[in-house]
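Some notes on the structure that comes next.
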Amino acid sequence: MAALLEVKNLGISFGGLRAVDDFEVTIKKGQLYGLIGPNGAGKTTVFNLLTGVYKPSEGIITLDGVNITGLKTIEINKAGIARTFQNIRLFKELSVIDNVKVGLHNHYKYSTVEGIFRLPGYFKMEKAMTEKAMELLKVFELEQEADYLAANLPYGKQRKLEIARALATEPKLLLLDEPAAGMNPNETRELMDTIRFVRDNFDMTILLIEHDMKLVSGICEELTVLNFGRILAKGETAAVLNDPQVITAYLGE
Amino acid sequence: MKGLKLSKNVKDNLITYGIVILAYLIMEIMIKTGHISSLLQGLLVPLCVYVILAVSLNLTVGILGELSLGHAGFMCVGAFAGAFFSRYMQDVIEVSLLRFVIAILIGALSAGIVGFLIGMPVLRLRGDYLAIVTLAFGEIIKNIINVLYVGKDANGLHFSTKDSMSLGLMEDGDVIINGAQGITGTPKDATFTIGIILIIITLVIVLNLIHSRDGRAIMSIRDNLIAAESVGINITKYKLMAFSVSAALAGMAGVLYSHNLSSLMATPKNFGYNMSIMILVFVVLGGIGNIRGSIISAVILTLLPELLRGLSNYRMLIYSIVLIVMMLFNWSPKLINLRKKYSLKRLLKKTGEVQ
């Protein structure tokens, strides 16, 4: 299969601190790829580099054959990368369904004038948006809570809503930053099913950061381990998790 | 589920429109039957002005989530642009309603453009910094108008920033904007009815904008800028949109304001810092992001000082006490709980259970 994301020699420095150095990864279409490593290893920084929150000091990021290095966050989202956040970032004062509709923003368009004067275009598009949003909410079993304020959702559902919102932007690559953080084992198991379902039914390629080894070994096909901003090991999940270097640096004896 | 939600928004909006129309009908009946003091009658148009200002500022403060202290500046632009047009065209367009409508459009447009131009550099700032810079821009606008002289004669328009003599007008010339003396002789076209229509127009624009694709984008920026960017929302575009629409509506209020006075001057009292703060007080007390609240608090806080006029010495004291009580009542968690406990809905329910 063709490579969807190709990252070469990616690096960034904050002042004297080398946060990420010589990072490389190749993710094939439809793959479930894991990025693990101890706290402060630079995992989230890699996500921020991929999504344009930080501009890389050097390196090349190619998505589906297009060079997206140094683009703005919005452009990168339009090119096809969507993400969730380690510390949940929902639109708290908006309803659950409106959160998803904001994700649909660039795919269902009508003009401001149509919106203000309630011209037919408004009703047509809003109806299509509501349908599409409800469809996505159903996948994450959030359709009952569609009218709740996002802030009032329980924690696990907030995580799911974030994924739904990211999927609404119709990405090619989905980045999940610690999706299982703060979840109990039951919720984690459910989440694993959801992630697999998303991969299979949305033809999605997923790169995820996670500390929960059960989840990582359960669903990731390949792994990269980061330590102090550098790649410590990479390859098939089982092989990487048995690598003595990884065990000393991260997993523990 | 979806139908339910839509109808809830629509219902909420209809109640807001209903309150405005009902208030209008009651006032009209009172005017017709003569049950209204001349003092109150004189307050009707300013009331409409303040309501529009409060609702439009709520778009910036409550919906976009950015603190702007320069709202009176945009009102000032609209007031002078509209009044200038009316004075200039007084003899050309005889129909006062048509002239006023065009003046309103011109006032709103010019304030909107000024809002857009100021917004471009300023909206890069956030929080306190934005507040300080908008405050400064509001004052700058006021001061520019104070030194602006515009006159017309057979040769056309003449501009100056020195004094009215240096305009070099011919004998038949007419000084329209006379520096600190402002514009005199603006036709008094503003009526309560037009004011109410403008309130309704403002509400339609603001409420429909909020409940549309653009409104969601604006609110997503308020709730989480980084997340909004990550789902592809153009931050600059939507910040500017909210800010300029808010400015344009303030300009519209300004036109209404200027056509209610025979002489219009830009003083610290009407277009200065105090005015901006007063509008902000309306918005904060009515509830940030709550459009209906803005209307109600603008009305109460405008009427209150006038109604308390009889108590002369204690007027400002009572006014400030009411302000503090309203703040506590709206925001203190304990009082919110108390209010919920003894709310009408709950009491009704209880009596129902007893039976």
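Residues with amide H under 5 Å of A:Leu232's amide H, sequence separation 5 or more or different chain, H placed in the peptide plane at 1.01 Å from N; which?
Answer set, sorted by chain and number: A:Val225, A:Leu226, A:Asn227.
Counting each DSSP H run of 4 or more residues in chain B as -39500 (n - 2.57), what helix-only mean residue ellipticity at 222 nm follows after dividing by all residues, to the nearest 500 deg cm²/dmol?
For chain B, the value works out to -23500 deg cm²/dmol.
List the aspartates and glutamates whose alpha-carbon lies under 16 Å from that of A:Lys78, not counting same-chain residues fewer than 8 positions away?
Partners within reach: A:Asp64, A:Glu170, B:Glu229.
Would the range B:250-314 count as rounded, prolate or oblate if I go by the C-alpha gyration tensor, calling it rounded below 1.5 in a/c and otherwise prolate when a/b exceeds b/c, oblate otherwise?
It comes out oblate by the Cα gyration axes.
Taking the Cα centroid of the range B:11-31 and of the range B:202-239, what is the distance between the two, rounded to the nearest whole Å?
Computed from Cα coordinates, the inter-centre distance equals 29 Å.
Where does the longest stretch of chain B lie that holds no GluC sites (Glu not before Pro) found in a DSSP loop with 15 or fewer other Cβ atoms within 10 Å?
B:172-355
How tilted is helix B:315-331 with respect to the longest principal axis of chain B? Cα atoms for both, answer in degrees (0 to 90, nearest 10).
So the helix axis and the longest Cα principal axis differ by about 50 degrees.
Could you state the number of Å between the C-alpha centres of the range B:133-181 and the range A:28-47?
For the range A:28-47 versus the range B:133-181, the Cα centre distance is 64 Å.
Find the centroid of the Cα atoms in the range A:102-128 and in the range B:264-323, then give the distance between the two in whole Å.
Measuring centre to centre over Cα atoms gives 37 Å.
Under the rule of -39500 (n - 2.57) per DSSP H run of 4 or more residues, summed and divided by the residues of chain A, what mean residue ellipticity at 222 nm is obtained, to the nearest 500 deg cm²/dmol?
It lands at -10500 deg cm²/dmol.
Could you give the length gained by full extension between A:Lys127 and A:Ala3, i.e. 0.36 nm per residue of separation minus their alpha carbon distance, to one decimal place?
41.0 nm
Angle check, please: helix B:273-286 long axis (alpha carbons) against the longest principal axis of chain B (alpha carbons), in degrees 0 to 90, nearest 10.
So the helix axis and the longest Cα principal axis differ by about 20 degrees.
If I take every Cα pair under 8 Å that is 6 or more residues apart in the range B:1-141, average their sequence separation and divide by the length, what percent do I get for the relative contact order?
27 percent
Any chance you could give the angle, 0 to 90 degrees and rounded to 10, that helix B:213-223 forms with the longest Cα principal axis of chain B?
Value to nearest ten degrees: 70.
Running Debye on the range A:121-253 with equal point scatterers at the Cα sites and no solvent, what base-10 log of I(q)/I(0) appears at q = 0.09, 0.11, 0.20, 0.22 Å⁻¹?
With one equal scatterer per Cα and no solvent, log10 I(q)/I(0) is -0.34, -0.48, -1.21, -1.37.
Can you flag which of B:Lys11/B:Lys32; A:Lys8/A:Lys72; A:Lys124/A:Lys172; A:Lys109/B:Lys11; A:Lys124/A:Lys157; A:Lys127/B:Lys237 are past 22 Å Cα-Cα?
In this structure, B:Lys11/B:Lys32; A:Lys124/A:Lys172; A:Lys109/B:Lys11; A:Lys124/A:Lys157; A:Lys127/B:Lys237 exceed 22 Å between Cα atoms.
Expressed in nm to one decimal, what extension gain is obtained for the pair B:Met120 and B:Arg315 from 0.36 nm per residue of sequence separation less their Cα-Cα distance?
The B:Met120-B:Arg315 span can extend by a further 66.0 nm.
Restricting to bridges with both residues inside the protein assembly as shown, how much of the DSSP beta-bridge set is antiparallel, in percent to the nearest 5?
Counting only bridges with both partners in the protein assembly as shown, antiparallel ones make up about 70 percent.
For A:Lys55 and B:Leu109, what does the FRET efficiency come to when R0 = 41 Å and r is the distance between their Cβ atoms, rounded to the nearest 0.05?
Calculated value: 0.60.
With a ≥ b ≥ c the root eigenvalues of the C-alpha gyration tensor of the range B:1-82, is it rounded (a/c under 1.5), prolate (a/b larger than b/c) or oblate?
It comes out oblate by the Cα gyration axes.
Provide the percentage of antiparallel DSSP beta bridges, counting only those with both residues in the range A:145-253; round to the nearest 5.
In the range A:145-253, DSSP labels about 55 percent of beta bridges as antiparallel.
With springs only between Cα atoms under 10 Å apart, run a GNM on chain B and tell me which of B:Ile15, B:Ile104, B:Ile176 wobbles the most.
Evaluated over chain B, the most mobile residue of the options is B:Ile15.
Please list, by residue number, every one of the chymotrypsin sites (Phe, Trp or Tyr not before Pro) in the range A:63-143 that is coil in DSSP and has at most 15 other beta-carbon atoms within 10 Å.
In loop regions of the range A:63-143 (DSSP not H, G, I, E or B), the sparsely surrounded chymotrypsin sites (Phe, Trp or Tyr not before Pro) are A:Phe117.
For the range B:41-80, just say rounded, prolate or oblate: build the C-alpha gyration tensor, square-root its eigenvalues into a ≥ b ≥ c, call rounded for a/c under 1.5, and beyond that prolate if a/b exceeds b/c, oblate if not.
It comes out oblate by the Cα gyration axes.
On the first, second and third principal axes, largest extent first, how far apart are the outermost C-alpha atoms of chain A in Å?
Between the extreme Cα coordinates on each principal axis of chain A lie 63, 40, 37 Å.
Values in this text are rule-based calculations from the coordinates and carry no lab data. What you are looking at is a predicted structure, and each value in this text was computed from that prediction instead of being measured. Cβ: placed from backbone, ideal geometry, glycine included. Neighbour counts: every protein chain shown.
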